[in-house]
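*Asks:* Before anything else, here's the structure in question.
The values are calculated or read from the model by the stated rules, or taken from the named source; none is laboratory data. Given the structure is predicted, the values throughout are model-derived calculations rather than measurements. Cβ coordinates were reconstructed from backbone atoms using ideal geometry, including for glycine residues, and neighbour counts include every protein chain displayed.
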Ligand SMILES: *Cc1c(COP(=O)(O)O)cnc(C)c1O
């Protein structure tokens, strides 16, 4: 077991065998799913220690997904802010357009190892669905993606992409007809078809082992970043910033820096129209401890424990719960959290596009909003890294509509 670190926490000791990150996480599922989760946990434990599995994963991350991604010096954003040197980790350059492919590939390889023939997934905006459809096409799995009917209408292009790649997209008509209901439906399918089916969950959320496993599959982001910044600047950065929906891109980016206590780590949630009930998705701004979809964490809920409505201009951050590992490191004061509101996001989206020739995903733009503010306060000899979790091609239509531009 590795020694305790400067933070006093051994990051590898988390979660414990029951999936707990301190008081968060766990396995809050119906009995019918316990066997499946245990089978998955055991298979993953074996796979993660198997050099053959890791080599296979590295191979596909390189050949199919396009790793390593660049750590790019954003010269004009740096000039614009007049402070810290800003670098962007270019996860937007990955195949299918976002970091999600790291996890989809990892879990697809695991599903193949477990002898599963069928894969299911949930999707909100469609990015995780597209990544899952792509890996299922590549490895020849039957693929079913659950998606809220409202999301299907908003993201019609992603629905068509998934279908082109051979996935069956099933609309979910329950409740608000968005991500939460899609996850419920995927869990229902899994209970029924668990022998043949693996469920590729798309964020560092849900019941154990998902938060740990999804984090592990994204660790490559931070591992590459560390090598790249040391090669380029000869030292660690002063601050790192990532957006937080469920928390997978942020956890993958931060994990290999948790022990480097000189590096300030900041996660940025969706402030939506502002911090009033129903208008945002910033779980650390008014969320309370609760259980949602398998895991104990911070949740936006009313006094009866009913889940609140959430809002964000970016569908990928629009979820009422946050990954349990984030809740833990927030308590430990190792990771800081901030939020960015829709109007600031719209502005930074255009600034980054205009100054760098890079159109960022609206999700990633939340990290940019905070990063650009911070860079202005920092000294010129300081270094700030921003994880650009995805590209904004999927968002241009929506942005045009908000800006009143007719296409
Ligand atoms: C899905 C998505 C997110 C949010 O998910 P996390 O699990 O918090 O990373 C962020 N950025 C992009 C581009 C996404 O597609």
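*Asks:* When you look at residue 276, is it assigned to a loop (DSSP other than H, G, I, E, B) and surrounded by fewer than 24 Cβ atoms within 10 Å (Cβ to Cβ), yes or no?
*Replies:* When the stated conditions are applied, residue 276 passes them.
*Asks:* Pick out, from the stretch 313-407, the helices (runs of 4 or more DSSP H) lying fully within it that include 2 or more residues that are closer than 22 Å to residue 87 by Cβ and over 15 Å from the mean Cα position of the chain (by Cα).
*Replies:* Filter on the stretch 313-407 gives 342-356, 362-377.
*Asks:* Continuing with this model, one more query. Of the residues 355, 309, only one is farther than 25 Å from residue 178 by Cα and surrounded by fewer than 20 Cβ atoms within 10 Å (Cβ to Cβ); which?
*Replies:* The unique qualifying residue is 355.
*Asks:* Checking residue 155 against (1) surrounded by fewer than 24 Cβ atoms within 10 Å (Cβ to Cβ); (2) within 20 Å of the chain's Cα centre (by Cα); (3) within 14 Å of the ligand (Cβ to nearest atom), only one condition comes out false. Which one?
*Replies:* That leaves (1) as the condition not met.
*Asks:* Among 216, 189, which is the only one that is within 16 Å of the ligand (Cβ to nearest atom) and either under 23 Å from residue 69 (Cβ atoms) or in contact (Cβ under 8 Å) with a residue 40 or more places away in the chain (or both)? Explain how you work it out, then say what you get.
*Replies:* Numbers: 189 fails: within 16 Å of the ligand (Cβ to nearest atom).
None of the others qualify; the one that does is 216.
*Asks:* Another one. In contact with a strand residue (DSSP E or B) (Cβ under 9 Å, 6 or more places away or on another chain), at positive phi and at pLDDT 95 or above: which single residue out of 66, 19, 83 fits that description? Working first, answer last.
*Replies:* Details: 66 fails: in contact with a strand residue (DSSP E or B) (Cβ under 9 Å, 6 or more places away or on another chain); 83 fails: at positive phi.
Within the list 66, 19, 83, the selection yields 19.
*Asks:* Please determine, by comparing only the residues of the stretch 103-130 that are in a helix (DSSP H, G or I) and surrounded by fewer than 22 Cβ atoms within 10 Å (Cβ to Cβ), which one is nearest to the ligand (Cβ to nearest atom).
*Replies:* Applying the first criterion (in a helix (DSSP H, G or I)) to the stretch 103-130 yields 103-113, 127-130.
Filter once more, keeping what is surrounded by fewer than 22 Cβ atoms within 10 Å (Cβ to Cβ): 109, 112-113.
On the way: 109: 20, 112: 23, 113: 24 Å.
Among those that are in a helix (DSSP H, G or I) and surrounded by fewer than 22 Cβ atoms within 10 Å (Cβ to Cβ), it is 109.
*Asks:* Those residues that are touching a strand residue (DSSP E or B) at 6+ places or on another chain (Cβ under 7 Å), buried (at least 24 other Cβ atoms within 10 Å of the Cβ) and part of a helix (DSSP H, G or I), I need them from the stretch 175-233; list them, please.
*Replies:* Within the stretch 175-233, 179, 182, 183, 186, 211, 221, 225 qualify.
*Asks:* Here's a follow-up. Just one of 290, 305 is away from the ligand (no atom under 16 Å from the Cβ), at pLDDT below 95 and within 20 Å of residue 24 (Cβ to Cβ); which is it?
*Replies:* 305
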